[in-house]
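K.L.:
Structure below; questions to follow.
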Amino acid sequence: MINGIILLNKHKFVTSNKTLALFKRKLKLKKAGLLGILDPLATGTLPVVIGEATKYITYIENNKKSYNVRCKLGVFSECGDLESEPIKCSNEELTIHNLQEQTIKDTLAKFIGEYMQVPPMFSSTKYNGKPLYSYARQNIEISREPKKRRIYQIKFISLQLDILEFSVVCSSGTYIRTLVQDISKNWNLHSCLYSLHRSEVEPFEDFHNITLEDLTIDNLNKYLIKIPDMLSKLPKLLCSNEEINKLYNGLHIKKNESDTFESLHRITSKDDRFHGIGYFKENYFYPKRLMKR
């Protein structure tokens, strides 16, 4: 059985769920899911979680995501990108023409740190159990509370005519479509997302992605991120075979090896085999999630 994560390089105009379905069909997999979706117009890194790895998604520390962003200034789009026909705001052309590089850099710098963002209506954010886009398609506007996000890094790349390009490292859950609009409001301009490429997803920065077309059964292992590597930020706890047997039987074991007794640990046998994760409570270690035997 295949267990782990593959970083797919998603194509433009293909939904994340369609990409997942094609992936499962190609590799004849029954169990696979996504770790953070991309909008249909976005490209780049799409983590696909396979097999028993799906049980450990909630324990992966993946707060940071890196993007290359291109946005079109002086246009308004109902959904925030080119999925809906943008409306040109001709009265904003002079403002765009006079926009200086230093002004852009100064504005971008203001967004670094904590950032309160209102989720867009055309999004999968839930309201009363239904995604906001289902209301937006019925022309129903829902009052939304701002969500706390974080911008770790944001860098100006270029301004070519009305296309502004920048890179950003942000927290999970950040809507780049909304960020683009919030930035351009500082210049009294409308804007919409023109193109978006996700280059990195934490904690998989050191792994390579691959297109679905290039992925085969033969090269799968080359790109497979195994479960211990998925959870590399959790400390490893070495256990004897006897201790591992107790954990599989739902029993706790006595350990005095951790300074942070409440933290999660990876359960590892002496042959460096991963068996699951557990947690400390005082001087005792308890199983939380275990692999199938």
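K.L.:
With the structure loaded, tell me whether residue 137 is open to solvent by 30 Å² or more (accessible area, probe 1.4 Å), touching a Pro at 6+ places or on another chain (Cβ under 6 Å), of a type in the set (D, E, K, R) and at pLDDT below 95 or whether it fails that test.
P.N.:
No; evaluated as a whole, the condition is false for this residue.
K.L.:
Take residues that are surrounded by 15 or more Cβ atoms within 10 Å (Cβ to Cβ) and in contact (Cβ under 8 Å) with a residue 40 or more places away in the chain and tell me which of the strands (runs of 3 or more DSSP E) falling wholly in the range 2-96 contain 2 or more.
P.N.:
Those strands (runs of 3 or more DSSP E) span 4-10, 43-50, 64-73.
K.L.:
Does residue 234 qualify as being in contact with a helix residue (DSSP H, G or I) (Cβ under 8 Å, 6 or more places away or on another chain), surrounded by fewer than 16 Cβ atoms within 10 Å (Cβ to Cβ), closer than 30 Å to residue 275 by Cα and modelled with pLDDT under 95?
P.N.:
no
K.L.:
Looking at (1) surrounded by 17 or more Cβ atoms within 10 Å (Cβ to Cβ); (2) among the polar types (S, T, N, Q); (3) not in a helix (DSSP H, G or I), can you tell me which one residue 107 breaks?
P.N.:
(3)
K.L.:
Looking at the range 37-62 only, could you name the residues that are in contact with a Phe, Trp or Tyr (Cβ under 9 Å, 6 or more places away or on another chain) and of a type in the set (S, T, N, Q)?
P.N.:
45, 62
K.L.:
Sort out which residues of the range 202-223 are open to solvent by less than 70 Å² (accessible area, probe 1.4 Å) and among the aliphatic types (A, V, I, L, M), and write them in order of number. Break it down stepwise before answering.
P.N.:
To start, the set of residues in the range 202-223 that are open to solvent by less than 70 Å² (accessible area, probe 1.4 Å) comprises 202-204, 209-212, 215-216, 219-220, 223.
Those that are open to solvent by less than 70 Å² (accessible area, probe 1.4 Å) and among the aliphatic types (A, V, I, L, M): 210, 212, 215, 220.
K.L.:
Sticking with this one: For residues that are under 19 Å from residue 99 (Cβ atoms) and either outside any strand (DSSP E or B) or more than 21 Å from the chain's Cα centre (by Cα) (or both), tally how many sit in the range 154-173.
P.N.:
9
K.L.:
Follow-up. Against the conditions (1) modelled with pLDDT of 90 or more; (2) more than 21 Å from residue 62 (Cα to Cα); (3) not aromatic (Phe, Trp, Tyr), where does residue 144 fall short? Just the number, please.
P.N.:
Status for residue 144: all satisfied but (1).
The rows are residues; the columns are (1) under 16 Å from residue 57 (Cβ atoms); (2) among the β-branched types (Val, Ile, Thr); (3) surrounded by 14 or more Cβ atoms within 10 Å (Cβ to Cβ).
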| site | (1), (2), (3) |
| --- | --- |
| 225 | yes, yes, yes |
| 241 | no, no, no |
| 271 | no, no, no |
| 275 | no, no, yes |
| 278 | no, no, yes |
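K.L.:
Here's a follow-up. Output the residues belonging to the range 160-188 that are open to solvent by 10 Å² or more (accessible area, probe 1.4 Å), more than 24 Å from residue 37 (Cα to Cα) and of a type outside the set (D, E, K, R).
P.N.:
Of everything in the range 160-188, those that are open to solvent by 10 Å² or more (accessible area, probe 1.4 Å), more than 24 Å from residue 37 (Cα to Cα) and of a type outside the set (D, E, K, R) turn out to be 160, 161, 163, 186, 187, 188.
K.L.:
Right, something else. Just to verify a result, which residue in the range 119-130, among those that are exposed (fewer than 15 other Cβ atoms within 10 Å of the Cβ) and not hydroxyl-bearing (Ser, Thr, Tyr), is nearest to residue 180 (Cα to Cα)?
P.N.:
Out of the qualifying residues, it is 126.
The values are calculated or read from the model by the stated rules, or taken from the named source; none is laboratory data. Note that this is a predicted model, so its numbers are computed, not measured. Cβ atoms come from the backbone with ideal geometry, glycine included; neighbour counts cover every protein chain shown. Ligands, DNA and RNA are excluded from the accessible area calculation, which covers all protein heavy atoms including side chains. Shrake-Rupley method; radii C 1.70, N 1.55, O 1.52, S 1.80 Å.
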